[in-house]
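> Okay, handing you the structure first.
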Amino acid sequence: MVTDKLTFTHNFLEELDKSSGKANFMPANEIGVALQYLEEKGIPNAKHEDYKYCNIEGILRKEFKTISGKEIAVDGNELKKKYFIKDAYNIYVVNGKLLSAVSETPEKSNLSAIDKTPIQILKQHLTKYAPSNIDVLVALNTAYADRGVFLHITSVVEKPIIIHHINSSEGNLLFNTRNLFVVEKNAQVKIVELYYPTTNKSFSNNVT
């Protein structure tokens, strides 16, 4: 029933409010649009055409009745020893948060956590390519993203950039990560994202 679906969505968002912050880098009006869209459409289930083979609501009902886990700190240098690819620039992201101290980028490029990115760049790009009212999971990300990576490429990069996404948490957690990659005119780059499996239950809702 539609009413049951929307009730579940409302209850789920209340649960998510307890463990997630609102994006301090996202325009307030976009967050408002996203929350309204979520309340109107509800979390997608198998009856939704775009998600008929991936019942998001069913997964959340079964596995994420509560979102009560915690993030576990990691040693960046140990990660670099474990996850490293030769002849590439290696970037390390843990639970959607950039480890800048051990990440490497090409010359003339800019890498930062998205909440440290100049606001004028975010205003120009952040919601232009992923409007909040086109998809429920995009709206969920817009409303609750509190982490992510900004990468700015201004030249031709000969070696690939490898982004290692690592989860380090325990319990049930849901991460909303918003990444922004800006490649200027006449620049060129190859970006590969690697996601490593975990033994705990975590739901990563990434928008790049």
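> Can you run down the residue pairs with Cβ atoms below 8 Å, 6 or more apart or on separate chains, where the first is in the stretch 103-126 and under 25 Å from residue 81 (Cβ atoms) and at pLDDT 90 or above and the partner is outside any loop (DSSP other than H, G, I, E, B) and of a type in the set (Ser, Thr, Tyr)?
The qualifying pairs are 103/92; 104/89; 105/89; 106/89.
> Being outside any loop (DSSP other than H, G, I, E, B) and of a type in the set (S, T, N, Q) is the filter; apply it to the stretch 12-53 and report the residue that is surrounded by the most Cβ atoms within 10 Å (Cβ to Cβ).
The selected residue is 19.
> Step by step: first the residues of the stretch 133-167, then only those that are among the small types (Gly, Ala, Ser) and touching a Leu at 6+ places or on another chain (Cβ under 9 Å), then the one that is modelled with the lowest pLDDT. Which residue is that?
It comes out as 143.
> Let me ask something else about it. Hey, among 85, 114, which residue is exposed (fewer than 15 other Cβ atoms within 10 Å of the Cβ) and among the hydrophobic types (A, V, I, L, M, F, W, C)?
85
> Give the residues of the stretch 57-86 that are more than 12 Å from residue 172 (Cα to Cα) and outside any loop (DSSP other than H, G, I, E, B), sorted by residue number.
57, 58, 59, 61, 76, 77, 78, 79, 80, 81, 82
> Regarding residue 52, is this residue without any contact (Cβ under 8 Å) to a residue 60 or more places away in the chain, over 30 Å from residue 124 (Cα atoms) and not aliphatic (A, V, I, L, M)?
Taking the combined requirement at face value, the residue satisfies it.
> When residues of the stretch 93-115 are filtered for being more than 14 Å from the chain's Cα centre (by Cα) and either part of a strand (DSSP E or B) or closer than 15 Å to residue 77 by Cα (or both), how many remain?
Looking only at that region, the number is 9.
> Hey, another quick one. Can you confirm whether residue 99 is over 19 Å from residue 24 (Cβ atoms), surrounded by 13 or more Cβ atoms within 10 Å (Cβ to Cβ), without any contact (Cβ under 8 Å) to a residue 60 or more places away in the chain and among the hydrophobic types (A, V, I, L, M, F, W, C)?
yes
> Now for a separate question. Residue check: is residue 70 farther than 19 Å from residue 132 by Cβ, among the charged types (D, E, K, R), over 19 Å from the mean Cα position of the chain (by Cα) and exposed (fewer than 12 other Cβ atoms within 10 Å of the Cβ)?
Considered against the rule, which asks whether it is farther than 19 Å from residue 132 by Cβ, among the charged types (D, E, K, R), over 19 Å from the mean Cα position of the chain (by Cα) and exposed (fewer than 12 other Cβ atoms within 10 Å of the Cβ), residue 70 comes out as no.
> Any residue at all in the stretch 25-37 that is under 25 Å from residue 164 (Cα atoms) and either modelled with pLDDT under 90 or of a type in the set (Asp, Glu) (or both)?
Yes: one or more hits.
> Step by step: first the residues of the stretch 154-208, then only those that are more than 22 Å from residue 54 (Cα to Cα) and basic (Lys, Arg), then the one that is surrounded by the fewest Cβ atoms within 10 Å (Cβ to Cβ). Which residue is that?
This residue is 185.
The values are calculated or read from the model by the stated rules, or taken from the named source; none is laboratory data. Keep in mind it's a predicted model, so treat the numbers as computed, not measured. Neighbour counts run over all protein chains shown; Cβ positions are idealised from the backbone, glycine included.
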